[in-house]
Amino acid sequence: MDIIRRVDEMMRWVRERHAAGEEIGVVPTMGYLHEGHLSLCRLSLADGGHTVATIFVNPTQFGPGEDLARYPRDEERDLKMLRELGISAVFMPTPEQVYPPDYVTYVDTAGPSQGWCGATRPIHFRGVTTIVAQLFHITQPNRAYFGQKDAQQVAVLKQMVRDLKFPIEVIVGETVREPDGLAMSSRNVYLTAEDRQVALVISRALQLGRSLYEEGERSGERLTEAMRSVIAAEPNVRLDYIGVVNRRSFRAADVVLPMDLFIGAIYVGNCRLIDNLDVCPKVYPLRD
Ligand code: AMP
């Protein structure tokens, strides 16, 4: 496995592979890897060609007062996990290369980036599109793999790929969960043992949304209210948002359709957690 820390070196590596007619799949991450990240690498490995994982804690997607400084990192452990998977290369650039002191160019977003995480974290998606556009240019992938865990990010990035005509297939991997239902996240290390139990309320609330839908409820407002009351019953949680949306536009659904998504974000202790659940898991293929 090649460990590449320089942008020019990564671009040379990519040029050589493409010149040899080989395809590339890229898995962008912020490191502190878990099974969710590895599942995306496995999807890419199964698609053939080269798999390149990127590890970069992207400062432009963190707002002031967010957890950039304390975001968990463990380079050695990440590299060991990736080596065991058998991917071709890891790209881990320094912040100075990605954002030199005179850096001023950003990929602006609207549409699916508005509301929800976009309301709570106003500069977040602009940071995400900017880093992913850079990573796409540097790694020139045929395919890029993202997790459904970050469903709004998926909608924003698919929109960017369409709008900016990136010749890249976006492939979405299912959310990997702990046995008790908590969606895996690098940020779960912030949770104390008690917080960890409390955090389960979010997947419980989303599951209730799905059960009520299965029982015939179709009103977005009533489903949202029901999910909200599950969160409200848990005293150690602060609700950021909960709702049901169209998975492409991220507009709230008035009349809920099978391909819509239940989404939520909560604060537990000093940690913000997000999760989502397909309204109806069977009818909508993730690989669209
Ligand atoms: P991050 O390192 O948190 O920025 O995540 C890197 C990629 O892994 C993103 O595409 C995430 O959506 C994806 N990811 C994070 N957690 C999970 C999970 N539990 N299951 C599936 N994919 C995930």
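None of the figures in this text is laboratory data; all of them are computed from the coordinates on show. In this text, all values refer to a predicted model and were calculated from it rather than measured experimentally. Here the Cβ positions follow ideal geometry from the backbone for every residue, glycine too, while neighbour counts run over all protein chains shown.
Modelled this way, with points 7 Å down the Cα-to-C-beta line, the labels at Thr120 and Asp163 are 2.3 nm from one another. In this label model, Asn236 and Glu194 are separated by 0.5 nm, measuring between points 7 Å along each Cα→Cβ vector. Within the shell defined by Cβ-Cβ distances under 9 Å, the residues around Glu66 carry a net charge of +1, with Lys and Arg each +1 and Asp and Glu each -1. With respect to the chain, whose longest principal axis is taken over its alpha-carbon atoms, helix 7-19 is tilted by about 80°. Close amide H contacts of Arg121 (hydrogens built in the peptide plane, cut-off under 5 Å, sequence separation of 5 or more or a different chain): none are found.
Amide H contacts of Thr51 (H built 1.01 Å from N, in plane; Pro and chain starts excluded): Gly25, Ser88, Ala89 sit under 5 Å, all sequence-distant by 5 or more or on other chains. Rg of the Cα atoms in the range 62-124, relative to 2.2 N^0.38 Å, amounts to 1.52.
Our helix-only sum for the chain, with -39,500 (n - 2.57) per DSSP H run of n ≥ 4 divided by its residues, gives a mean residue ellipticity at 222 nm of -11500 deg cm²/dmol.
For Ile171, nonlocal amide neighbours, meaning residues 5 or more places apart or on other chains whose placed amide H falls under 5 Å from its own, are Ala144, Tyr145, Phe146.
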